[in-house]
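Please read the structure below before turning to the comments.
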Amino acid sequence: MRPVGEHQRVVAGLIAPRSPVRVPIAEALGLVLADDVVAPLSLPGFDNSAMDGYAVVAEDVAAATPERPVVLPVAEDIPAGRTDVLALKPGTAHRIMTGAPVPSGATAVVPVEATDGGVDTVTIRAGATPGKHIRRAGEDVTAGTTVLHHGHLVTPAALGLAAALGLGELTVIPRQRVLVMSTGTELVTPGTPLQPGQIYESNAVMLAAAVRDAGAEVVASAMSGDDVDSFRDTLVRHAGDADLIVTTGGVSAGAYEVVKDALSGSVDFVKVAMQPGMPQGCGEFEGTPITTLPGNPVSALVSFEVFLRAPLRAAMGLPNPERPRRTAVLTEDLTSPRGKRQFRRGVFDADACTVTGYGPPASHHLRWLASANCLLEIDEDVTEVAAGTHVRVWDLA
């Protein structure tokens, strides 16, 4: 059987980054910058008021106190957005709002709370020092400065900065486009009445969600029966839109294994030394990379976690592509099959730094995986693990 690490390397080698693209900033959230962002202008772009108040010459009000206030005529009213250029004469004040341009000649802003709020004249009851409550041009960003570097994850704050700089687009690494296909004549869409021998399709729903959770895009989530021609027709219809095809089911050793029958010669089907998830495959279909996962639901999702999530995120430049690995103390005795790396469902207690196996290890027990918050990893050469042993866990929370 192929070791887990070797199959991880083979699958990772199939998944390559897409070429950078320019997208509107509204579509860039959660993507990674492919280029540096250089400020085309300064922020603020002009000296502006940090407070609602009065623009003054600081020396005119330096001695003002509540007992000996200074009274000045109000020569102008400056709301935010006023675009004409104003000059303040000594011995006068301009009423000014937060964000409004400071008139030339003004050297300070007195907050309205330190005045009587007058319109024609203003009584100022506190002194001011030069520069007080004035945001200087370029104080935050100077034009020509690199403000975001390539590899930076686009966050809401990064989008706010880009918009403040007047940038309508950003150059980013685009999402990986993934086609998810589940196979099996027994499968029917949820909401459809079941006939004897039928089950509801869940793998495509589950894996499409896992793809999106990893940061990638699902181009289609399709379902096919066990007919080779129908399966290949579905692949052909969607494969050209995808960077990666992920199938589930039809890869075991029995009859009616439609994925094996349809893709033998272009996909390398192997047994990987792991539980669950032993039957795997990877290769290309008409030039598009493809990975074939087993059909049991726990096997399918564990396989996605072990083989696909990290390389998908790495191809998009996303930070921390792998799930966090923890070391925890096992609370119970466990057994594991010799020669296979086991990934058991578990419950990790971060406060106590302990982990407990959760549910049976069989690959059809999806209920337990839905409630687990970690995978408990046991090496191939280990058959028994005693309570109190330090073990590796993959944090899924």
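The values are calculated or read from the model by the stated rules, or taken from the named source; none is laboratory data. Every value quoted in this text rests on a predicted model; they were computed, and no experiment measured them. Here the Cβ positions follow ideal geometry from the backbone for every residue, glycine too, while neighbour counts run over all protein chains shown. Protein only, heavy atoms only, side chains kept; ligands, DNA and RNA dropped before computing areas. Shrake-Rupley method; radii C 1.70, N 1.55, O 1.52, S 1.80 Å.
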Worksheet item: GNM, the chain, Cα, under 10 Å: largest mean-square fluctuation among GLY117, GLY144, GLY30?
Response: GLY117
Worksheet entry | Kirkwood-based shape ratio for segment 49-104, expressed as Rg/Rh from alpha carbons | 0.98
Worksheet entry | Cα gyration tensor shape for segment 347-397, rounded if a/c is under 1.5, else prolate or oblate | oblate
Item to complete: Could you work out the local net charge near THR98, counting Lys and Arg as +1, Asp and Glu as -1, over the other residues with Cβ closer than 10 Å to its Cβ?
Response: 0
Response to the item:
Probe 1.4 Å, all chains present, heavy atoms only: CYS353 accessible area in Å², nearest 10, is 50 Å²
Worksheet, complete the sentence: CD proxy, 222 nm, the chain: helix-only mean residue ellipticity via -39,500 (n - 2.57) per DSSP H run with n ≥ 4, per residue, nearest 500, stands at -5000 deg cm²/dmol
Response to the item:
If one builds a Gaussian network model of the chain from Cα atoms under 10 Å apart, the most fluctuating residue listed among SER202, SER42, SER104 is SER104
Practice prompt. In nm, give the distance between the simple-model label positions of GLU384 and SER19, each being 7 Å from the Cα along the Cα-to-Cβ direction.
Written response: 6.0 nm
Item to complete: Quick one: compute the contact order of the chain, relative version, from alpha carbon pairs under 8 angstrom and 6+ residues apart, as a percent.
Response: 16 percent
Practice prompt. Among DSSP beta bridges lying fully in segment 48-135, give the percent that are antiparallel, nearest 5.
Written response: 75 percent
Discussion item. Assuming 0.36 nm per residue, please report the length gained on full extension of the stretch GLU6 to ASP35 beyond their Cα-Cα distance.
Written reply: 7.1 nm
Item to complete: With a 1.4 Å probe and every protein chain left in place, work out the accessible area per residue of the chain in Å², rounded to a whole number.
Response: 46 Å²
Fill in: Solvent-accessible ranking of ASP120, ASP213, ASP226, largest area first, probe 1.4 Å
ASP120, ASP213, ASP226
Practice prompt. Could you check how much of the accessible area of the chain is carbon and sulfur, as a whole percent, using a 1.4 Å probe?
Written response: 53 percent
Response to the item:
the chain: antiparallel bridges as % of DSSP beta bridges, rounded to 5, reads 65 percent
Practice prompt. With a 1.4 Å probe and all protein chains in place, put VAL188, VAL228 in order of accessible area, largest first.
Written response: VAL228, VAL188
